[in-house]
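For reference, the structure discussed in these notes is given below.
The values are calculated or read from the model by the stated rules, or taken from the named source; none is laboratory data. A quick note: this is a predicted structure, and the numbers were derived from the prediction, not measured. Cβ placement follows ideal geometry from the backbone for every residue including glycine, while neighbour counts extend to all protein chains displayed. With ligands, DNA and RNA removed, areas are computed over all heavy atoms of the protein, side chains included. Shrake-Rupley method; radii C 1.70, N 1.55, O 1.52, S 1.80 Å.
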Amino acid sequence: MSENIFFNRELSWLEFNARVLKQGLRKELPLLERVQFLSIVTSNFDEFFQVRVAATKRLLESNPELTDASGLTPKMVLSSISARAHQIIRQQQDCLINDLLPALAKEGLVYIPQDKYTPQQTEYLQKLFRSEIFPLLTPLRTDTEPFPHIKNLDTYAGFLLKPIAGIRNASELFKGDDDQPRIAFVEIPSGIQKLYWLPTDGKARQFAMIDDIITSCGTQLFPGFEVEETLVFKVARDADFAVDEDSGSNFIHAMEDVLIQRKSSFPVQMCCNGTSEKIRDFLMQHLELTEEDVYKTEGMLDPGGLLELRDADETGRLSFEQWEHFYPADLPEDEPYWDTLKLHDKILHVPYESYEPVVKFLNDAADDDNVLAIKMTLYRTGRNSPIIDALERAAQRGKQVVVLVELKARFDEERNIAWANELEQAGVTVIYGLVNLKVHAKVLMVIRRESDTIRRYVHLATGNYNTKTAKLYSDISLFTANQEIANDVSLFFNLVTGYSTLQNMKHLGMAPVTLKDRILNMIQREIERSTPEQPGLIIAKMNSLTHEEVIDALYKASQAGVKVMLNVRGICMLVPGVPGLSENISVVSIVDRYLEHARIFYFQNAGTPELYCSSADWMSRNLDRRIELMFPILDKTAFRQVKSWLDMYFEDNTNAEVLQPNGSWEPINAKRASKVRAQKMLYEHYKYQNETNEKARKNTQEFEVRRK
């Protein structure tokens, strides 16, 4: 058992969400982007409570005395989570109410709470409610058995009712216990718009939110009753379910059972907005929640509804300036990439570069008569995916198409089941992952006949095959025709789709087989080759760092004089800067307009450096319980590119924060006069590269015209 020190995983994640919130607090950012960051805080918490808090609550029931690597018991962790999460949500709500809403009002976009409606606005909303909203609503009484089911993360309006004296109504026929409060719930449909414009006589545009409209017009739902109090609320339930891996041919049905369980599992948290303590206490009693589990807001349950204001931002001043996604200068737009990739590898860096080359690569493969087969993995693909369209077309054209669809991708299970069924109907051979292991690797291989030989083209990535997130997440991928890498990829597919003994891959590291050992061996090699005159160097960028073995190895590297530079976006259990343990380790984190998602690992190796990208973070789930791939950057030009990007993330003094030994994160104190923002520098690099390429192309075209 390690005697080293570690931060608690859950509390480290909370500090990541606090760093997201800090972006929302920055007054120099555009207003709607600040709203976006506040909305991300809410969605992050939704997933955190469903998964991590639920798991900790179950651990409290099964093994309450168990301590984690940080020395905390489940009860201690839950208490600490509640205290810090309440603090973050209070900061979020204070920013929304006292900063963002007044600032939006100064821009002519004025939120009107329900107690401030004018008579004209009240009349307008009453009519709107009856014609457009009322038909969608179903009030549920609560004095029935069983208690009405409250769906996971759906928003509800609660009403405390009082009969109007002298009016006999139908509800009295179903009268329950007079000692029980008459409380009804109304589910607010998720597909309904969140923001409604109000009539006004002034120049400013005024708006109301759907939650307010429903609670203010609620009397229309309960004829014969007065509404005494209201409360808007949502409940997060346990979503940390494991599918029955032994279900064999009924695996999809087992997966569907998990989705059903998630909707009705035990509650772990409630967020509420309103003043009714009676409704709140009533819910706490029936849902078996404590004060620690309840989060009261004064503004809005989800600030994300305000993002509908983007349509009213005609000048674009309230959002970030638009950044293009540039088509790579070194890839042809009007012909397939086969000949280009024979000459050199290509690194694609999204979202600065367009994701179109990945889509084009698949489309060209689907339509090329010389392409014999396509093999790929799918984890999260998104809606209306051109990736799926290309795979289906390839199968329909008679090509062998094999796709490994990971059905266990949390919160994307339902969509992936639908994709799997659709692909099978189109003639694709679909593999449903592996027993007890999620397939998280991102890999695509095209097999093509060329001049009486077979050549393979490979795409490996740090991010999913998802055209939507490719515009929002910063990821790196590699196109290559390197046949040694292609050999490794063939071994990989044989292993995950059929029966195959473990075989050594020359270039790829694969979890849970070899990847962890390769990382540990490379850290150990850095220790052995480090000298006082030429100390070793490890630079790594990832989403999370929680694997205790890897952290122990990094501690040993620090003690041996190796310099360790880490860029960790989210969770970091490693404690940096501790004398005698980790004084040679620094940890920075960047939260900016794009989600940092790429994993890049650099080892100096005594002057013969190696550089890798990977689908895997240095976490137990990635290295021990998932199928992951780490791939080397072998092409010299590609190596220089990726290394320069990696270095840039450690030059940032605008959005970067540094992890302190006490677990807090502090902004970098910029010593240089100029501000460095890594994402902005990267965008400017690709913009300049694109402009230079366009000029060269234009000059070439002009020359050709003159010669004619």
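When residues in the range 380-402 are screened for being open to solvent by 10 Å² or more (accessible area, probe 1.4 Å) and in contact with a strand residue (DSSP E or B) (Cβ under 7 Å, 6 or more places away or on another chain), 4 of them pass.
If the condition is being assigned to a helix (DSSP H, G or I) and open to solvent by less than 40 Å² (accessible area, probe 1.4 Å), then the range 525-541 contributes GLU526, ILE527. Scanning the range 431-460 for residues that are in contact with a strand residue (DSSP E or B) (Cβ under 7 Å, 6 or more places away or on another chain), open to solvent by 10 Å² or more (accessible area, probe 1.4 Å) and at pLDDT 90 or above turns up HIS440, ILE447, ARG448, ARG449, ILE454, ARG455, ARG456. A residue that is within 19 Å of LYS442 (Cα to Cα) and of a type outside the set (A, V, I, L, M, F, W, C) can be found somewhere in the range 332-346.
Evaluating ASP635 against the criteria (1) out of contact with any His (no Cβ under 7 Å at 6 or more places or on another chain); (2) closer than 21 Å to ALA540 by Cβ leaves one unmet condition, (1). With respect to the conditions (1) modelled with pLDDT of 90 or more; (2) open to solvent by 70 Å² or more (accessible area, probe 1.4 Å); (3) touching a Lys or Arg at 6+ places or on another chain (Cβ under 7 Å), LYS263 falls short on a single one, namely (1). Of all residues in the range 636-656, those satisfying the criterion of being closer than 21 Å to LYS27 by Cβ and either in contact with a helix residue (DSSP H, G or I) (Cβ under 6 Å, 6 or more places away or on another chain) or in a loop (DSSP other than H, G, I, E, B) (or both) are ASP652, ASN653, THR654, ASN655. Return a yes/no flag: does the range 20-31 have any residue that is of a type in the set (A, V, I, L, M), part of a loop (DSSP other than H, G, I, E, B) and open to solvent by less than 60 Å² (accessible area, probe 1.4 Å). Looking through the range 20-31, at least one residue is of a type in the set (A, V, I, L, M), part of a loop (DSSP other than H, G, I, E, B) and open to solvent by less than 60 Å² (accessible area, probe 1.4 Å).
Take the conditions (1) in a loop (DSSP other than H, G, I, E, B); (2) more than 25 Å from GLN641 (Cβ to Cβ); (3) open to solvent by 20 Å² or more (accessible area, probe 1.4 Å); SER582 misses just one of them, which is (3). For the range 670-694, the tally of residues that are part of a loop (DSSP other than H, G, I, E, B) and over 29 Å from the mean Cα position of the chain (by Cα) stands at 5.
Taken over the range 502-524, the residue count meeting the criterion of being touching a residue at least 24 places away in the same chain (Cβ under 8 Å), basic (Lys, Arg) and either assigned to a loop (DSSP other than H, G, I, E, B) or open to solvent by less than 50 Å² (accessible area, probe 1.4 Å) (or both) is 1.
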